[in-house]
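Here the structure comes first, spelled out in structure tokens, and everything after it is commentary.
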Amino acid sequence: MNVKQFLKATLFGFLIWLIPLLISFVFYNQERQLVIDQTFFKSIMVITLSTVVILLCSSYFKRLKDMYLRQGLFVGVWWLAINLTLDAVILLPWLKIGFADYFMQTGIRYLTMPITTLGISYLLSKRG
């Protein structure tokens, strides 16, 4: 992996965190209260996260010629780390919840990142 790929992976990790966050603001009022059902909101966020990860993963792998599995593992774990770190630094204080509660409610969903990147990279490695 070269510096350009690393910077691209880092930017994409940040975008994976930022885009769902910005979309989530639509569903909160000024008092930080959800304006829709919480289960429906979480479903929307899972769909949003999955869509953003797939789109950016596809873009990331578009120019790669080899080492798909290695790149898939790195990118998935890197994106997971970026998103957990940004949530810990920014969202947890804002939401006023502990890391354990946060991880059970939201953080565990971020495991879809390495699962998705590994799945896509595996398929690319089999394509020849």
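All of the numbers you see were taken from the coordinates with simple rules; none came from a lab. Computed from a predicted structure; not experimentally measured. Note: ideal-geometry Cβ built from the backbone for every residue, glycine included; neighbour counts use all protein chains shown.
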- Mean-position separation - Cα centroids, the stretch 64-128 and the stretch 1-20, in angstrom: 12
- For the chain, the charge dipole (Cβ of Lys, Arg +1; Cβ of Asp, Glu -1; about the Cα centre) points to a positive end, and the Cα of LEU21, ILE90, VAL3 closest to that extreme belongs to VAL3
- Task: Using every pair of alpha-carbon atoms in the stretch 41-114, split the distances into 10 Å bins beginning at 0 and state the percent of pairs per bin, rounded to integers.
- Result: 18, 46, 27, 9, 1
- Label-point separation (nm) for ILE54 and ILE97, each offset 7 Å from Cα along Cα-to-Cβ? 2.6
- Return the sequence-ordered ³J(HN,Hα) values of the stretch 20-34 in whole Hz as given by the Karplus equation 6.51 cos²θ - 1.76 cosθ + 1.60 applied to θ = phi - 60°, using x for Gly and Pro. x, 4, 4, 5, 5, 4, 4, 9, 10, 8, 5, 8, 6, 9, 5
- Message: Report the gain in length on full extension from ILE90 to LYS4: 0.36 nm times residue separation, minus Cα-Cα distance, nm rounded to one decimal.
- Response: 28.3 nm
- Note on the structure: Among LYS8/LYS62; LYS4/LYS42; LYS62/LYS126; LYS8/LYS126; LYS4/LYS62; LYS4/LYS65, the pairs whose Cα-Cα distance exceeds 22 Å are LYS4/LYS42; LYS8/LYS126
- Query: Once you have the alpha carbon radius of gyration of the chain, what is it after dividing by 2.2 N^0.38 Å, with N set to its residue count?
  - Reply: 1.13
